[in-house]
Amino acid sequence: MLRIVVLISGNGSNLQAIIDDIHDDEVEAQIVAVISNSPQAYGLQRAKQANIDTIVIDDANVASRTEYDRSLQQCIEQYQPDLVVLAGFMRILSNDFVNRYKDRLINIHPSLLPKYQGLNTHQRVLDAGDSHHGASVHFVIPELDAGPLILQAEVPIHSNDTVSELAQRVHDQEYIIYPLVIKWFAEGRIKMENGKVIKDGKELKHAAAILHLI
Ligand code: GRF
């Protein structure tokens with residue numbers, strides 16, 4: 001059974017979607033630990049309710065990124081994960097950390113990457129007057145929000161959309177695509193080799209699929 005460690009910083013609604021799909025036997029995997037850099041993260045409550053080990057590695061008083069990432073890695077190692085899932089983990093990870101979990105570290109980002117790397121994506125998309133927005137699941141490499149894409153979901157932007165309406169539309173798709181990618185990983189259908197995504201034995205040149213929603 002695929003062993004997963006999930007890293008969070010906040011609400012943990014993506015974590016919840018993964019917990020629910022595992023519970024419903026949609027995904028054959030086990031979340032062995034949820035780690036947060038913030039003691040306030042609501043996702044910790046979600047994990048506890050699902051009887052998952054929770055650990056807080058508070059970054060409030062940590063001197064350096066190297067030091068923090070070393071503690072994080074030591075903690076993760078105890079759980080021997082096959083996959084490390086970033087689900088709203090709001091820290092930039094050091095190259096050493098990323099390289100340690102190379103090929104088994106994935107992230108979800110609220111935009112149609114490579115567009116809108118970084119923060120405040122929903123506001124920036126609205127400011128730019130785009131017609132579409134979305135979310136992307138990708139393998140993590142040392143460059144921020146730049147790893148090879150696995151799956152994206154696209155949503156339309158309606159006139160008069162507020163940031164929160166648009167964010168909710170994107171979130172609803174995140175809850176579909178993130179558990180789906182984890183399912184593929186658990187089934188051995190997806191992997192990264194030499195920096196390239198291989199799905200069902202073939203190299204993916206673009207995101208595996210874009211879910212288009214009306
Ligand atoms: C999501 O929008 C995800 O794309 C981004 O952070 C947010 C996390 O939300 N990486 P939640 O904590 O899963 O509710």
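Laboratory data are not the source of any read-out in this text; all were calculated from the coordinates shown. Since the model is a prediction, treat every value here as computed from it, not as a measurement. Methodologically, a virtual Cβ is constructed for each residue, glycine included, from the backbone with ideal geometry; neighbour enumeration extends over all protein chains shown.
Residues considered: GLY147, GLY201, GLY12. Largest GNM mean-square fluctuation over the chain, using C-alpha springs under 10 Å, is found at GLY201.
Full extension of the segment from GLU143 to ASP127, taken as 0.36 nm per residue of separation minus the current Cα-Cα distance, would add 3.2 nm. By the helix-only formula, in which each DSSP H run with n ≥ 4 contributes -39500 (n - 2.57) and the sum is divided by residues, the chain has a 222 nm mean residue ellipticity of -10000 deg cm²/dmol. In this simple spin-label approximation, GLN73 and HIS23 carry label points 7 Å from Cα along the Cα→Cβ vector, and these lie 3.5 nm apart.
Each Lys or Arg adds one and each Asp or Glu takes one away; over the other residues whose Cβ falls under 9 Å from the Cβ of ARG91, this sums to -1.
The stretch between ASN95 and LYS191 holds 32.6 nm of extra length on full extension. This uses 0.36 nm per residue minus the Cα-Cα distance.
Using DSSP H assignments, which helices in the chain have an axial alpha-carbon span of 24 Å or above and a mean Kyte-Doolittle hydropathy of 0.0 or higher?
On the way: long enough: 163-186 (34 Å, 0.21).
Length and hydropathy pass: 163-186.
How charged is the neighbourhood of GLY134? Take every other residue with its Cβ under 15 Å from the Cβ of GLY134, and add Lys/Arg as +1 and Asp/Glu as -1. Overall, the nearby charge balance is -4. Would you mind classifying the chain by shape? Square roots of the alpha carbon gyration tensor eigenvalues, ordered a ≥ b ≥ c; an a/c under 1.5 is rounded, otherwise it is prolate if a/b is larger than b/c and oblate if not. Rounded, since a/c falls under 1.5. Largest GNM mean-square fluctuation among SER159, SER71, SER13, using the chain with Cα springs under 10 Å: SER159.
Charge tally around ILE31: other residues with Cβ under 13 Å, Lys/Arg +1 each, Asp/Glu -1 each, net -2.
Give the shape of region 37-99 as rounded, prolate or oblate, defined through the alpha-carbon gyration tensor: a ≥ b ≥ c are the square roots of its eigenvalues, a/c under 1.5 means rounded, and otherwise the shape is prolate if a/b is larger than b/c and oblate if not.
Here region 37-99 falls in the oblate category.
Can you sort MET90, MET192, MET1 so the residue with the fewest Cβ neighbours within 10 Å comes first?
Details: MET90 14, MET192 21, MET1 10.
The order, fewest Cβ neighbours first, is MET1, MET90, MET192.
Treating only the Cβ atoms of Lys and Arg (+1) and Asp and Glu (-1) as charged, compute the dipole magnitude of region 38-170 about its Cα centre; round to the nearest 20 debye. Could the numbers behind the result be given before it?
Numbers: 11 positive and 16 negative charges, 27 e Å.
In total the dipole reaches around 140 debye.
The alpha carbon gyration tensor of region 1-120 gives principal lengths a ≥ b ≥ c with a/c below 1.5, which makes the shape rounded. Report the full-extension gain for the segment VAL163 to ASP58: residue separation times 0.36 nm, less the Cα-Cα distance, to one decimal in nm. Gain on stretching VAL163 to ASP58: 34.9 nm.
Among LEU119, LEU180, LEU93, the largest mean-square fluctuation in a Gaussian network model of the chain, built with springs joining Cα atoms closer than 10 Å, belongs to LEU119.
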